[in-house]
Every structure is written in structure tokens, then in C-alpha cells.
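Below is one structure, written out as C-alpha cells; the observations come after it.
The values are calculated or read from the model by the stated rules, or taken from the named source; none is laboratory data. This is a predicted model, so every value here is computed, not measured. So basically every Cβ, Gly included, is an ideal-geometry build from the backbone, and we count neighbours across all protein chains shown. All accessible areas refer to the heavy atoms of the entire protein, side chains included, with ligands and DNA or RNA removed. Shrake-Rupley method; radii C 1.70, N 1.55, O 1.52, S 1.80 Å.
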Protein chains: 2
Amino acid sequence: MSKLLNDVVSELSKLPGVGKRTALRLAIHLLRTDKTEVGMLSDSITRFRNEIKYCVRCNNLSDGDICPICADKSRDGSIICVVEHVKDVISIENTSQYNGLYHVLGGIISPMQGIGPSDLKIDLLAENIAKGDIKEVILALSTSVEGETTAFYICRKLSGFQGLKVSSLARGIGFGDELEYADELTIAHAIHNRKTI
Amino acid sequence: MSKLLNDVVSELSKLPGVGKRTALRLAIHLLRTDKTEVGMLSDSITRFRNEIKYCVRCNNLSDGDICPICADKSRDGSIICVVEHVKDVISIENTSQYNGLYHVLGGIISPMQGIGPSDLKIDLLAENIAKGDIKEVILALSTSVEGETTAFYICRKLSGFQGLKVSSLARGIGFGDELEYADELTIAHAIHNRKTI
């Protein structure tokens, strides 16, 4: 095989979910793509990796020191939604139902993986609350044991702030889910937290 | 969303089989990858697109004017295996069962897609046979109508070469295929071309 082809296939197949066969298909696709387009692809990859920053306030991905969400004066600065990862910010933003700020922990407390509270941006969250006029913190974390542990830890950490409301996302049956296939814990939770129509 | 992240997601999602969600997952993966590694990925992409050549003899992808297979003196220069695409060369090479040369047509005759014989490297094949001491041409094309048409065209084109054997890959039941799920045409072919054990 040509060395150039070999190189690109071996580099592409290092990406998650991309095997040798897919990598080859992508390489052949690149051949049929305009050189300028391919240049834009590789440029965007290098620039993203080398120039991306983390927002000093909320730890979200950002082009500058402060991310576009924190910098947006039209957003409600009194609510902070705490999430594990950047992709969770995007998921919530896609709903267009939330107009507050975010705080990206960068992970979740997981003793099994050796991730403790000090590895996450929990202190930064407390600092931001101490500094600003925050009324509510929404915990939008995983429903796993690790998620519950992290939520518990954050709740305790924030218990000193008088008048601060700490909430978590509602649990229940998701839209489109069938009762038949929902697990017992979810159904039990949904019964206990039933809503009057 | 940060512009850098937006750019890389939009560029990655132009790749075949990569949607916005996968592109985001790949971008997050790049963040966790060493900068040098990411540099190697984007370099390999640009270099592949800008520096790759087509072998002047067989139309295979090549770093130089002649591809490594054509340049390899240990290979049998009297047999040419005709394939549609570069990826077919790799598939056959992976079997380690063939030691001859290749000829990459660059496609298949397809009136529906407006691809005629002149769009493929069929004349180059005839030239190579006229020049060299070729004893056999193996047609390793698709089993589609287009593949059969292309094979027929090439056969007629090469009919002038005295003593040249033109063969095609054996058709039959593939290893691991179950008879129950094989189509009628394949089974019919396999019966007609049955082999004495």
C-alpha cells in the first residue's frame, strides 16, 4: 500500500468507532473531495485542538477566556445548571428551554476510576456562587450511583449558602418510552412523583 | 457554541457516515488526545490529499509515478488483475493469494450514472498488454449488470491479443454463507459450475 494512504488510514482508524475499513472509506472519500475542503477539515482539527480554551467561569469550551454563554448578558445570571460534560451543555441548549448559565464539572465522582471531588470543578462552582447573586443551582447529572454521589457531595458543599435553592432534573418515564420496557426503579419513581392533571 | 468547536463539528460531519452527534464525540475525543497526535492526524489528511498520485501504469494510488506493486520485481508481471477501485486491490492483497499485477479501472461502465468506457482506464490496460508480455487478465469486477457489461466490453477490447487468457473470479456460495439465504442466481450458478471432489 502507498505510504501516504497507509498513514492516513492508520491515523483515522485511531478515532473512536473508526476501524481500518471505515478509515479506508473515509480516505477514498477525501480523494473525491476538493483540496480546499480537505484543507478546511484538517485546519479545523488542528486549530480546535491547539486554540480551544476552557471558560474560566464555567469550564465550558470557549474560544476566549469567557465562553459565549457566560458572556451573554441576555441570559439569566441567577441560575446555574451543573452538568458533567460539554456535550450535556449542547443537549440542554438544543431544547431552547433553559436561559440560565452552566457549570461543567468535567466528569463525575467515581472512586472506581480514581476520580475524586478535587479532580472536578466543584470548588470553582462554590466560588462562583459566593461571588455572584445566584438563586438556584440545577443538578443535571447522570442517574447512576456516581451521579447521585456527585449530587450529594455538591449539595453538602453548597449547604452553607443561605437561601440557595438546589434542584435536580425531574425523573420519570421519558416521552416515547413504553411502560412495558421501563425499569422498575423508573416506574417506582414515576408513581411516587405522580402529577395531578 | 464556541466557534472552534462549531467549525470542527461541521467539518467532521461532512464525512460519510458521520452525523452531528458523532462529530461532537470525535471532537471531544480530540480534546483528550495529545496535541502531537492530533497534528499527525491533520497532517496525514492534508498530505494524503495533496501529494497522492495515481500509478501511471496501473492507476493504483501511489506515492510516486509507479506504485509499490508495479515496482516490485518479485511479482509475476505476466498476470494482470482488473479491479474497479483501489479498495479492491487492498481486499485482494489481504488474501496473500495473488502475486501478479493490478489494473484499477477507476469505476465501472454505468449508463445510468453517465459513466462510459472512455471515463475508465480501459485504453491504458490495452496499451499495457500491447507493451508487455502479459499471459492472463483476471477480471475481478462486481457481479452486477454494470460489472457484467464492463467485463464484456473489456473482453471484446482484448479479443485482438492472440493467446491472451481472460478469466473472471469464480462465482458460487461464499464461505460461511448458508444455502437457505443464498439467492437463486448464485445457487443456480453454483450447481452449473459444481466441482468434483
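Given the -39500 (n - 2.57) contribution per DSSP H run of 4+ residues, what per-residue ellipticity at 222 nm results for the protein assembly as shown, rounded to the nearest 500 deg cm²/dmol?
-13500 deg cm²/dmol
In percent, how large is the relative contact order of chain B, given Cα pairs closer than 8 Å and 6 or more residues apart?
About 13 percent, as a whole number.
Once phi is turned into θ = phi - 60°, what whole-Hz ³J(HN,Hα) does the Karplus curve with 6.51, -1.76 and 1.60 give for every residue of the range A:116-127, x standing for Gly and Pro?
Each residue of the range A:116-127 in turn: x, x, 6, 7, 10, 8, 7, 4, 4, 4, 4, 4 Hz.
Which distance in Å, rounded to a whole number, links the C-alpha centroids of the range B:3-49 and the range B:149-197?
The distance from the Cα centre of the range B:3-49 to that of the range B:149-197 comes to 42 Å.
Given the pairs B:LYS3/B:LYS53; B:LYS35/B:LYS121; A:LYS121/B:LYS20, which span a C-alpha to C-alpha distance of over 31 angstrom in this model?
B:LYS3/B:LYS53; B:LYS35/B:LYS121
Would you mind getting the accessible area per residue of the range B:86-189, heavy atoms of the protein chains only, 1.4 Å probe, in Å²?
Per residue, the range B:86-189 has 63 Å² of solvent-accessible surface.
If amide H atoms are built 1.01 Å from N in the plane of the peptide, which residues on other chains or at least 5 residues away come under 5 Å of the amide H of B:VAL166?
B:VAL137
Could you give the distance between the Cα centres of the range A:109-141 and the range A:52-83, to the whole Å?
Answer, in whole Å: 15.
Shortest first and in nm with one decimal, please list how far the B:ARG194 label point sits from its counterparts in the other copies (point 7 Å along Cα→Cβ).
6.9
Per residue of A:49-61, how many C-beta atoms from partner chains lie within 10 Å of its own C-beta, taken as a mean?
The shielding value for this peptide is 3.
When the accessible area of the range B:93-197 is split by element with a 1.4 Å probe, what percent falls to carbon and sulfur?
Accessible surface attributable to carbon and sulfur in the range B:93-197 totals 54 percent.
From the phi of every residue in the range B:29-39, what ³J(HN,Hα) in whole Hz does the Karplus formula 6.51 cos²θ - 1.76 cosθ + 1.60 yield, where θ is phi - 60° and glycine or proline is x?
These are the phi-based 3J(HN,Hα) values: 4, 4, 4, 7, 8, 4, 4, 4, 4, 5, x Hz.
Would you pull out the residues with amide H under 5 Å of B:VAL82's amide H, same chain only if 5 or more places away, H placed 1.01 Å from N?
The answer is B:HIS103, B:ILE138, B:LEU139, B:ALA140.
Please give the total accessible area that chains B and A bury against each other, computed with a 1.4 Å probe and expressed in Å² to the nearest 100.
Buried surface at the B/A interface: approximately 4600 Å².
What are the ³J(HN,Hα) values, in whole Hz, obtained from phi via the Karplus relation 6.51 cos²θ - 1.76 cosθ + 1.60 with θ = phi - 60°, for each residue of the range B:91-101 in sequence order, with x given for Gly and Pro?
Per residue, the Karplus-derived 3J(HN,Hα) values read 4, 6, 4, 5, 7, 6, 10, 10, 10, x, 9 Hz.
In whole Å, what are the extents of chain B along the principal axes defined by its C-alpha atoms, from largest to smallest?
Reported extents, whole Å, longest axis first: 65, 47, 37.
Mind checking the angle between helix B:145-158 and chain B's longest principal axis? C-alpha axes, 0 to 90 degrees, to the nearest 10.
That helix lies at roughly 50 degrees to the long axis.
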